[in-house]
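Engineer: Structure incoming, see below.
The values are calculated or read from the model by the stated rules, or taken from the named source; none is laboratory data. These numbers come from a predicted model, not from an experiment. Ideal geometry is used to build each Cβ from the backbone, glycine not excepted, and the neighbour counts take in all protein chains shown.
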Amino acid sequence: MEPLKQILYGGDYNPEQWPRETWEEDMRMLKNAHINTLTLNVFSWALLQPDEDTFDFSLLDDIMDLAAASDMHVILATATAAVPPWISAKYPEVMRADKRGVRKRGGGRQNHCPTSADFRRLQLRLVEEIARRYSGRPEILYWHISNEYSGRCYCQSCEQAFHNWLRTKYKTVQAMNEAWNAAFWSHTYHDFDEVPVPGRLSDGMQGGKAVLPGLSLDYQRFMSDALLENFKAERDVIRKYDLHTPVTTNLMAGCGDLDYRKWAREMDVVSWDNYPARDTPASTIAFWHDLMRGIKDQKPFILMEQSPNQQNWMPYNYVKRPGQMKEMSYQTMAHGGDDILFFQMKQSRSGCEKFHGAVITHRGKEDSRAYQEVRSLGRELERLSCIRGAETPARAALLFDYESWWAINGNVGPSVLVGYPEETARWYKAMFDLQLDVDVIFWDSDFSRYDLIVAPLAYIARDDSVDKIRDFMEKGGIFVTTVLSGMADETDRIHLGGYPGLWRDLAGLWIDETDALEKGEKIPISLFNQEVQGSVLCDLIHPETATALGVYEKEFYAGTPAVTQNRTGKGRFIYCGTFLDESGMELLMRWLCRKAGIEAKAYAGVEKKTRVSDKGRFHFVMNQRREATPVDLSFEGTDLITGRHISGMVMLDPYQTMIIRENG
Ligand code: GLA
Ligand code: ZN
């Protein structure tokens, strides 16, 4: 398909919830807000198919015709994210079973069992009808499969499918027992069919902890794969009728249920839904965007949903401050988002989302704050399509690993305070605060593009990780890792011989003990001779070839290293044995940037990011505060939003963004 020349702007529209005679006025209002794209048919299964033998597309035909007549692009969903009541009544086993094995009776959404044969048959029949009927309509620019895949099922069908998955993976039950160290607590299996799903009635402990981590990890892999099979099956049906239109499904960056790196390989383009809470730091949202760009090897993504104003499903649903929605949209673009879409176009009258923000609110007037801001952004985006497709010129990367997240979640010990996404987000923030362009990468990414790779809590270490890190360091790379890294194999057996396991020689040290601090407890550390704090975990580090960058100043291990460096050739391996506080991370990050030759500059309250293409070098400068904020720029050019020439010291209004195309 030709690359799009326009930024897609619009989002979820559910006219089926409204009388037919209101639709024309909706279209008029949406067009007037510069909206050019509608996401349709996300939750319409029950309307499209009233029973097993009947399909009725009259309503969707009408909606599609309306979109076409209104000159709207369409993102067409396959409508399979919520099982209709007639299916749950007729085929109860289509529904998911929870951790206690209790099957849902119907209702809700994201409610199907991924291995149910009846679901698969019904799902694909619907998709077949939709794809046959609508493929080739020029207004369809993307296919949107299901909606926000997530969760797990613990039913008997899934248990059986899990057994088959294990058979394929391990071939013999002995190999599986060994991989899981199943002799622990008398778990040795003599047949694959004896393996239970790790729910609450079997091996799953409260809070997602695992008795046999290998089993739990494999179940998580299996579930992610089983849901991915659902996605692929729909995609393949669409491909029978439509060879070219890109296929996606909307992801959730904060969701740890699925291995999105694996999913992204099956998606033509990544799309995701951004719903920050009031107190979500801008750095965390930035991290989510980079993660979503990263899973598809840094290709631009679609922002499939954000709220034009408030959400409704949080404990406290703040309204976005004047200018804030716009700023968040530009932040999305700054990190590689090429299309900006909302949930939703028109606020539902009832249902549990009746209080969710929308472009057209219950009052239905164009002078509402959200409508006006959507309209103003829409007007600006029409001037910015030159940015589409531009890349992020990052030299620093954060290494992310879904399996380490899963494994750390399942760990019983060493501390309940260890959270994988939280701690990786803190390391990301240290880079964010110094205005680094960052790529989120994975173990199978190309490391050679970077000078600095930060791999926090890289718990699962496969054998080939050693060579991969060594190659990177041989070319002068700096590899940074932390406590709880390099430790376990892919079924969570600890690598013996001392921590950080496989990476002991690379790190030039060994660790035999890790101290755990209580909540709020700190330990002073002298880092580059400055006083900072550590918390949560403290590795007792025994250096061999490593040297100390920082030392503990308290406890019986006072004077021993907390942060170390091991130099081999031009490369460096940095090991951080504790959870450094913000000032410690900043100090370390500044030092790392100096060593890596990466420019680091802090602008408080303002984020700066860059995208580059043959059309230019675009600097996004975003005031993320409610106050006017000054910033001193080291480049000059034209602000594409206002058309003004910008250089040196500038004052940004609250939530103002400049997108400066660099001169030269
Ligand atoms: C999700 C869903 C939407 C809607 C929004 C509300 O992202 O995909 O259908 O429920 O949340 O925030
Ligand atoms: Zn199931």
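Engineer: Could you please find all residues in region 617-632 being over 23 Å from Arg321 (Cα atoms) and surrounded by fewer than 19 Cβ atoms within 10 Å (Cβ to Cβ)? Working first, answer last.
Structural biologist: Step one: of region 617-632, the residues over 23 Å from Arg321 (Cα atoms) are 617-619, 632.
Once the filter is applied, which keeps residues that are over 23 Å from Arg321 (Cα atoms) and surrounded by fewer than 19 Cβ atoms within 10 Å (Cβ to Cβ), region 617-632 yields Arg617, Asp632.
Engineer: From the list Glu403, Glu380, exactly one residue is among the acidic types (Asp, Glu), over 20 Å from the mean Cα position of the chain (by Cα) and either closer than 30 Å to Asp451 by Cα or assigned to a helix (DSSP H, G or I) (or both). Which is it? I'd like the intermediate steps shown before the answer.
Structural biologist: On the way: Glu403 fails: over 20 Å from the mean Cα position of the chain (by Cα).
It is Glu380.
Engineer: Any residue in region 129-157 that is more than 21 Å from Gly256 (Cα to Cα) sitting within a Cβ distance under 7 Å of a residue that is within 16 Å of ligand 2 (Cβ to nearest atom) and modelled with pLDDT of 95 or more? List the pairs, counting only those 6 or more apart or interchain.
Structural biologist: Listed by first residue and then by second, the contacts come to Ser157/Glu93; Ser157/Cys113; Ser157/Thr115; Ser157/Ser116.
Engineer: Tell me which residues, restricted to region 516-538, are more than 18 Å from Thr481 (Cα to Cα) and buried (at least 19 other Cβ atoms within 10 Å of the Cβ).
Structural biologist: Matches in region 516-538: Ile523, Val532.
Engineer: For Gly477, work out the one condition from (1) touching a Gly at 6+ places or on another chain (Cβ under 9 Å); (2) buried (at least 24 other Cβ atoms within 10 Å of the Cβ) it doesn't fulfil.
Structural biologist: Gly477 satisfies all of (1) touching a Gly at 6+ places or on another chain (Cβ under 9 Å); (2) buried (at least 24 other Cβ atoms within 10 Å of the Cβ) except (2).
Engineer: Do you know which residues across region 16-35 are under 26 Å from Ser271 (Cα atoms) and free of Cβ contacts under 8 Å to residues at least 60 places away in the same chain?
Structural biologist: Of everything in region 16-35, those that are under 26 Å from Ser271 (Cα atoms) and free of Cβ contacts under 8 Å to residues at least 60 places away in the same chain turn out to be Glu16, Met27, Lys31.
Engineer: Okay, next question. Given the criterion loosely packed, with under 15 Cβ neighbours inside 10 Å, under 30 Å from Gln160 (Cβ atoms), among the charged types (D, E, K, R) and at pLDDT below 95, identify the matching residue among Arg109, Arg100.
Structural biologist: Working: Arg109 fails: at pLDDT below 95.
Arg100 is the lone residue from the list that is loosely packed, with under 15 Cβ neighbours inside 10 Å, under 30 Å from Gln160 (Cβ atoms), among the charged types (D, E, K, R) and at pLDDT below 95.
Engineer: Quick check on my filter: what residues within region 271-330 are of a type in the set (A, V, I, L, M, F, W, C), within 16 Å of ligand 1 (Cβ to nearest atom), within 20 Å of Val438 (Cα to Cα) and more than 12 Å from the chain's Cα centre (by Cα)?
Structural biologist: If the condition is that a residue be of a type in the set (A, V, I, L, M, F, W, C), within 16 Å of ligand 1 (Cβ to nearest atom), within 20 Å of Val438 (Cα to Cα) and more than 12 Å from the chain's Cα centre (by Cα), then Ile302, Met328 are the ones that fit.
Engineer: For region 88-181, which helices (runs of 4 or more DSSP H) that fit wholly inside it have 1 or more residues that are within 14 Å of ligand 2 (Cβ to nearest atom)? Can you show your working first?
Structural biologist: Values: elements: 117-134, 156-170, 173-180.
Ranges flagged: 117-134, 156-170.
Engineer: From Leu243, Leu251, Leu258, which residue is without any contact (Cβ under 8 Å) to a residue 40 or more places away in the chain and either hydrophobic (A, V, I, L, M, F, W, C) or crowded, with 18+ Cβ neighbours inside 10 Å (or both)?
Structural biologist: Details: Leu251 fails: without any contact (Cβ under 8 Å) to a residue 40 or more places away in the chain; Leu258 fails: without any contact (Cβ under 8 Å) to a residue 40 or more places away in the chain.
Only one candidate qualifies: Leu243.
Engineer: Could I ask something else about it? Can Arg200 be described as outside any helix (DSSP H, G or I), within 16 Å of ligand 2 (Cβ to nearest atom), within 21 Å of Lys99 (Cβ to Cβ) and among the charged types (D, E, K, R)?
Structural biologist: Numbers: outside any helix (DSSP H, G or I): yes; within 16 Å of ligand 2 (Cβ to nearest atom): yes; within 21 Å of Lys99 (Cβ to Cβ): yes; among the charged types (D, E, K, R): yes.
So Arg200 passes the test.
Engineer: Which residues, taken from region 179-227, are of a type in the set (D, E, K, R) and either crowded, with 22+ Cβ neighbours inside 10 Å or touching a helix residue (DSSP H, G or I) at 6+ places or on another chain (Cβ under 8 Å) (or both)? Break it down into steps so the answer makes sense when it comes.
Structural biologist: Within region 179-227, the first condition is being of a type in the set (D, E, K, R), and the residues that meet it are 191, 193-194, 200, 203, 209, 218, 221, 225.
The answer is Asp191, Asp193, Arg200, Asp203, Lys209, Asp218, Arg221, Asp225.
Engineer: Another one. Only one of Glu366, Glu327 is assigned to a helix (DSSP H, G or I) and either within 29 Å of Leu652 (Cα to Cα) or not assigned by TED's automatic domain parsing to the domain that holds Trp263 (or both); which? Spell out the reasoning first.
Structural biologist: Details: Glu366 fails: assigned to a helix (DSSP H, G or I).
Among Glu366, Glu327, only Glu327 is assigned to a helix (DSSP H, G or I) and either within 29 Å of Leu652 (Cα to Cα) or not assigned by TED's automatic domain parsing to the domain that holds Trp263 (or both).
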